[in-house]
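The values are calculated or read from the model by the stated rules, or taken from the named source; none is laboratory data. Note that the structure is a prediction, hence the values are computed from the model and not measured. Cβ placement follows ideal geometry from the backbone for every residue including glycine, while neighbour counts extend to all protein chains displayed. These area figures cover heavy atoms from the full protein model, side chains too; ligands, DNA and RNA do not enter into them. Shrake-Rupley method; radii C 1.70, N 1.55, O 1.52, S 1.80 Å.
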Amino acid sequence: MRFFIHTYGCQMNVRDSEAVAAMLEAAGHEHAAAEQDAELVIVNSCTVRDMAERKAVGKCGNLIAAKEGRGKSRSARSAAEGCVKVVGLMGCAVKRMGADVFKSLPGLDFAVGPRRFGMIPRLVERVLAGERRILELPDADEVPVGLDAHPDVRRGANGFACFQSYVTVLLGCDNRCSYCIVPDVRGHEYSRPAREVVAEVASLAARGVKEVCLLGQSVLRYGRRNPAWGECDAPSPGGFHEPFPRLLEALNATPGLERIRFTSAHPGGCTDELVRAYRTLPRVCRHLHLPVQSGSDRVLKEMGRHYTRAEYLAAVAKLRAFDPEFAVTTDVIVGYPGETEADFEATRSLMEEAGFDNAFVFKYSPRPGTRAAALPDDVPTEEKERRDQVLLADQQRRGLERNSRLVGTVRKVLAEGPSLRNSARWSGRDSGNRIVAFEPKGQIAPGTLVSVRIVEAHPQILIGEMQESGCA
Ligand code: SAH
Ligand code: SF4
């Protein structure tokens, strides 16, 4: 069957979709270029905020309407012009909704929770044999199959560039922050064996991948709940003892690989060894996505984040101490239950002190079953919106300020391809994950490392001139 996967949510969902695409291809199905050409359409859902879940479920509803020939909405009509025969829902919303998913979506053929995506090829077979409404809900400790399935990287499945790849290293989360549904739907922490990760990255690099991004909800906890390094693995040449820096060291030695990134992080994992890994391993990019959520100690405590404002700022200072250009990005929640104007101002001032290179701001959304959901959602929507706008405006100014300091520097940029806004320009990213646009000189291929001298700074982008020398 020709299939298409719609992905909502985080990088881990993008990665799970990619693995499903690879497994479907291995089972003889064919990736369709567009939804209209697909007979099997799968929606990979997110439930971290209410709106995210609604979008995925709504999309699925439209596809089912199209499948049943009763499409009314624009997107259902466009799918109805196509040939959809089977509709499946996967990912976090399935685990949250459980069997209720079929109350909202009676025409759904199968629904499969996060750690069971490896069953999808088999579920498709069962649907084709006549079964309907199949539900697969994973247990919190399940180890998925197919974690290392990658589609033909030369083609770049699901819109992801062919020289970059996500690699899941840590599943689930045990942090249980008060507002967050992720531990309920993605289960307990499980670290994949280091040897498996090293082999996967080596195989990707051998197929032309230049950059990997290691994924985990709290990725610096790699190897903490279950051991990731077996007895017989060689000791660390650089004397690293902590599992995650040790993994970085092993991956840094991968032939052909240029860059290693990872996300997301908790300040508790910003140890001296991690800093030493950043400092001494040349392929490890100097960027950390370190969600802070709030700058108010009172709110941080209520959220159960297990750090104070001062501890968070100390982690940032530690990362920037050896490289002032080290990029730190963050996530912030505005309008958490009981968040006062003073709490909000504390978040504002923390963001200023931390000097974030980029920030994602989320309006608090109560999630069923979380501790915070029992508290009144008492910050009015308009006030959440105002706080969101204030933080975004601050970040625009701060982004420009921070980027302006880089004018005149020469940066190594992994060229991605023609920029979306201006096809005469190419864009890529520097080690700090900053977007850099430049006019290419001569023939360059996506995935080439080039040297670019920065001539202009904007809040979210740097403009530069590619150096004559070409390759960095
Ligand atoms: N594991 C990551 C975050 C995963 S969720 C980490 O802890 O670093 C991504 C982001 O969504 C979070 O950082 C948080 O800012 C936001 N988020 C999570 N639950 C939310 C909720 N209930 N309402 C609003 N934003 C939320
Ligand atoms: Fe959610 Fe907190 Fe775990 Fe991140 S660390 S996934 S915010 S519970």
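Quick notes on this structure:
- Within the chain, helices built from complete DSSP H runs that reach 15 Å or longer along their own axis (Cα positions) and carry a mean Kyte-Doolittle hydropathy of 0.0 or higher are 11-26, 194-206, 309-321.
- Here the gap between Arg421 and Ala253, fully extended at 0.36 nm per residue and compared with their Cα-Cα distance, gives a gain of 56.8 nm.
- The length gained on full extension between Gln443 and Arg54, counted as 0.36 nm times the residue separation minus their Cα-Cα distance, comes to 135.6 nm.
- Accessible area per residue for the range 2-136 is 40 Å², calculated with a 1.4 Å probe on protein heavy atoms, without ligands, DNA or RNA.
- Atom-type composition of the exposed protein surface of the chain places 52 percent of the accessible area on carbon and sulfur (1.4 angstrom probe).
- For Asp378 and Arg348, the FRET efficiency from 1/(1 + (r/R0)^6), where r spans their Cβ atoms and R0 equals 25 Å, is about 0.80.
- Projected label distance in nm at Val390 and Arg122, using a 7 Å step from Cα toward the beta-carbon: 5.3
- Estimated FRET transfer efficiency when R0 is 30 angstrom, pair Arg453-Glu311 (beta carbons, to 0.05): 0.20
- Under the combined filter of DSSP loop state and at most 12 neighbouring Cβ atoms within 10 Å, the range 365-420 retains these trypsin sites (Lys or Arg not before Pro): Arg405.
- Cβ-based net charge around Asp148, under 14 Å, with every Lys or Arg adding one and every Asp or Glu removing one: 0
- Over the chain: helical MRE at 222 nm, DSSP H runs n ≥ 4 each giving -39500 (n - 2.57), nearest 500: -10000 deg cm²/dmol
- For the chain, DSSP calls about 30 percent of its internal beta bridges antiparallel.
- Length gained on full extension, Lys301 to Glu468, computed as 0.36 nm times the residue gap minus the Cα-Cα distance: 54.9 nm.
- DSSP assigns beta bridges within the range 1-135; of those with both partners inside it, close to 0 percent run antiparallel.
- Per residue, the accessible area of the range 157-403 comes to 38 Å² when a 1.4 Å probe rolls over the protein heavy atoms.
- Mean separation of Cα contacts under 8 Å (6+ apart) over length of the chain, as relative contact order %: 10
- Sparsely packed GluC sites (Glu not before Pro) within the range 179-284, loop by DSSP, other Cβ within 10 Å at most 14: Glu231
- Cα gyration tensor shape of the chain, rounded if a/c is under 1.5, else prolate or oblate by comparing a/b with b/c: rounded
- Nitroxide proxy distance, nm - points 7 Å out along Cα→Cβ at Arg397 and Ser236: 4.1
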